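Data first, discussion second: the structure below is written as structure tokens.
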Amino acid sequence: MEENCCEIKDEKNKNVKDKKSKAWIFGVGLMVVVVLSFFLFKPASIGYATLEDYNQPVQFYKSITCGCCDANANYLKSKGNLNVQISEKTDISDIKKKYGVPSELESCHTAIIDGYFVEGHMPLEAINKLMAEKPDIKGIALPGMPMGSPGMMGQKQGNFVIYAVHNDGTSSEFMRI
């Protein structure tokens, strides 16, 4: 009987150890999954959903002689309700170089919004998308001076193709408006 009792105690101890071991392995596994998911599925950064929520100054670099740049800055102020701080320069190529605007995507002015460059006569829809999604890019560009874009006179002809400029300097289509 005594031998049988010890076997029962040994069996109970073994079951308790097995349960503790399984719980420990489960806990470690769960922690690994949580840590990996943080790195694999980067949480959306806390930011501004739209320009209306953005309360930081927007740095706007323009040529001293450009009138359409003034019209675009006024568009951002009135439609986006932004604090636009205009810096007029005789040459803004150094700004474009500093922020990584590719020469083939350049326009006449560059704005810096929440660390991103916004090149050209950009519609608010594109800037709002940028602010809501917070992609890991340098910025967005609407090259040239398309007719009918914010700050440019004339009728819009076709879609505005807005490009995302990636951190490696390549670009791809960000959206069409």
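Which one is farthest from Ala71 (Cα to Cα), of the residues in region 124-143 that are open to solvent by less than 30 Å² (accessible area, probe 1.4 Å) and in contact with a helix residue (DSSP H, G or I) (Cβ under 9 Å, 6 or more places away or on another chain)?
Let us first name the residues in region 124-143 that are open to solvent by less than 30 Å² (accessible area, probe 1.4 Å), namely 124, 126-127, 130-131, 137, 139-142.
Add one more test, that the residue is in contact with a helix residue (DSSP H, G or I) (Cβ under 9 Å, 6 or more places away or on another chain), and what stays is 124, 127, 131, 137, 139-142.
On the way: Leu124: 14, Ile127: 17, Met131: 22, Ile137: 27, Gly139: 21, Ile140: 19, Ala141: 18, Leu142: 16 Å.
Only one residue tops the list, namely Ile137.
When region 130-177 is filtered for residues that are under 21 Å from Asn74 (Cα atoms) and of a type in the set (S, T, N, Q), the ones remaining, listed by number, are Ser149, Gln155. Consider region 101-115 and keep the residues that are touching a Lys or Arg at 6+ places or on another chain (Cβ under 7 Å) and open to solvent by less than 20 Å² (accessible area, probe 1.4 Å). The one that is farthest from Lys129 (Cα to Cα) is His109.
Screening Asn74 against (1) in contact with a helix residue (DSSP H, G or I) (Cβ under 9 Å, 6 or more places away or on another chain); (2) in contact (Cβ under 8 Å) with a residue 60 or more places away in the chain; (3) open to solvent by 20 Å² or more (accessible area, probe 1.4 Å) leaves a single unmet condition, (1). Among the residues of region 51-69, at least one is part of a helix (DSSP H, G or I), farther than 28 Å from Asn167 by Cβ and either in contact with a strand residue (DSSP E or B) (Cβ under 6 Å, 6 or more places away or on another chain) or at pLDDT 85 or above (or both).
Looking only at region 83-100, filter to residues that are part of a strand (DSSP E or B) and of a type in the set (A, V, I, L, M, F, W, C); which one of those is surrounded by the fewest Cβ atoms within 10 Å (Cβ to Cβ)? Here the residue is Ile86.
The values are calculated or read from the model by the stated rules, or taken from the named source; none is laboratory data. Not measured: the values here are computed from a predicted model. Note that each Cβ is placed from the backbone with ideal geometry, even for glycine, and that neighbours are counted across all protein chains shown. Each accessible area value is taken on the protein alone, full model and side chains, heavy atoms only, with ligands, DNA and RNA left out. Shrake-Rupley method; radii C 1.70, N 1.55, O 1.52, S 1.80 Å.
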